[in-house]
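Each value in this text was obtained by applying a stated rule to the coordinates, not by laboratory testing. Here the structure is a predicted model, which means the values were calculated and not measured. Positions of Cβ are backbone-derived with ideal geometry, glycine not excepted, and every protein chain shown enters the neighbour counts.
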Amino acid sequence: MKRRHLLAAPLAAGFASLAPAARAATTEILVHYPMPGFFKSVMDQISGEYMRLNPDVKITFVSPSPTYEDGLQLMLRQSGTAEMPDMSFIGLNRLRVLAERNIGIDLTPYIKADPDIANEGFSERLLNLARFGGKQVGLAFATSNPIFYYNADLVRKAGGDPERMPTTWDEVFKLAARIQALGDGVTGMSYRWQGDDWMFSALLFGHGGTMLSADEKKVAFNGPEGLGAVKLLDRMVKEGKMPSFSSDAAVQGFTAGKIGLFFWTTGGLRSMINGVGSKFELRTTAMPVIDAQNGRLPTGGNAAVMFTTDAKKQQAVFRFLKFASGPYGASVVVPGTGYVPNNDLAPKDDRYLGKFYPANPLFQAGLNQMNLMIPWYSFPGTNGVRVTQTMVDNLALLVEQKVTPEECLRTMAAEVQRLLPR
């Protein structure tokens, strides 16, 4: 699809005073995004409001990609061609791939030239989520952290108290085993380890660990923190009675009322609320504490990235990037998905989310954990996707109880080490 500027057809003189913007050239921005199940309604609302406020701009969406990985691969294939969109929303852990290949426009000059950027809630902490190699690769659009979902009805039946949920993994496993013992096809717990390394990194970072050494030449997750992480996953199976579900099957089981405790992204909260409906009382709370001093949580989500090299269009794209990633965008993304605010102003201002959180307690868990959020680790080099799949494959063997935690960690570390740049 070729990028172009469209010129609005001239109106009759009698109507000119009613629609002066229609006489001006319209700048069309071609936008790509991933995961339409999460983001379609959000994108439609944000773009609609932006075009209402900016009638000289037309937002056109190209076909969305089903996952972050698919979206990245599409952008890499289209880079430098006429098919490349003007902007896209790229997974935070894949921004590094773009930076290292010099794909996309560094937003640093635009941010430095914008005197209102800080007052509009774009703090250094949030800007840093989309920085690599000295470049502002994008602006964080949707940010998330892992939270604790639970079926309050099953918790009560198992003798638990929905008002006083476990704050340690030892307590989680005991409660999950009691829920499992209820029978009738009920499963005690599920932890969304499948698909990528995000939920594993939640356990690793929760222990205070890191993926690689400071110079990024050696695996670092094979130390005590990483061993603690895989041992927790092993205990989820042995003590928490977690089966080897697929990610989709786990979500479906929980929304059907057949899983008691579920650990997943806060970004899936709205879809979870819709899926559960009135079948049971859904509640959320914080992830159990591992290391109270050093423990952190990974930041999931994506960032808005500019690709167009057209100087005039870049100005329009940056304005839309900022609008989508700003307080108005957050006021749409948070209620529409469950992601936490990617903007510091939004949760404080009643025009945006100031009144939302007190009235919607299910969304509070993710907000309360924002102080623990650090960037989702992005592996160096060209093998980032293969590294992630290698980790998932080894974790699958552990969940299927085909290897011990020690064997899982040792093999996973060796295979990842081989995939790192030399």
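Odds and ends about this structure:
- Set the Cα radius of gyration of the stretch 102-210 against 2.2 N^0.38 Å, with N its number of residues, and you get 1.61.
- Simple label model, 7 Å out from Cα along Cβ direction - residue 123 to residue 292, nm: 2.3 nm
- The loop-placed GluC sites (Glu not before Pro) in the stretch 142-245, going by DSSP, that have at most 10 neighbouring Cβ atoms within 10 Å of their Cβ come out as 163.
- Near residue 148, once Lys and Arg are set to +1 and Asp and Glu to -1 for all other residues with Cβ below 12 Å from its Cβ, the sum equals +1.
- Taking other C-beta atoms within 10 Å as the exposure proxy, 44, 86 rank 44, 86 from fewest upward.
- Antiparallel DSSP beta bridges within the chain, percent to nearest 5: 65 percent
- Range of Cα positions in the stretch 192-344 per principal axis (Å), largest first: 59, 50, 28
- Over the stretch 189-231, the pair-distance histogram of Cα-Cα distances with 10 Å bins from zero comes to 31, 52, 15, 2 percent, rounded to whole numbers.
- Cα-based helix-to-principal-axis angle, 36-53 vs the chain, degrees rounded to 10: 30 degrees
- Check: the chain dipole with +1 on Lys, Arg Cβ and -1 on Asp, Glu Cβ, in debye: 500 debye
- D_trans [Stokes-Einstein, Kirkwood Rh over alpha-carbon pairs] for the stretch 266-392, 37 °C, 0.692 mPa s, µm² s⁻¹: 192 µm²/s
- Our estimate of slack between residue 417 and residue 81, defined as 0.36 nm per intervening residue step minus the Cα-Cα distance, is 117.6 nm.
- Nearest-0.05 FRET efficiency for residue 271 and residue 406, computed from C-beta distance (R0 41 Å): 0.65
- Pair-distance distribution P(r) for the chain, from all Cα-Cα distances in 20 Å bins starting at 0: 25, 54, 18, 2 percent.
- Equivalent-ellipsoid semi-axes of the stretch 40-123, from the Cα gyration tensor, Å, largest first: 23, 20, 13
- Length gained on full extension, residue 385 to residue 108: 97.0 nm, using 0.36 nm per residue less the C-alpha separation.
- The stretch 240-321: Rg to Rh, with Rh as the Kirkwood radius over Cα pairs: 1.17
- Within the shell defined by Cβ-Cβ distances under 14 Å, the residues around residue 64 carry a net charge of -2, with Lys and Arg each +1 and Asp and Glu each -1.
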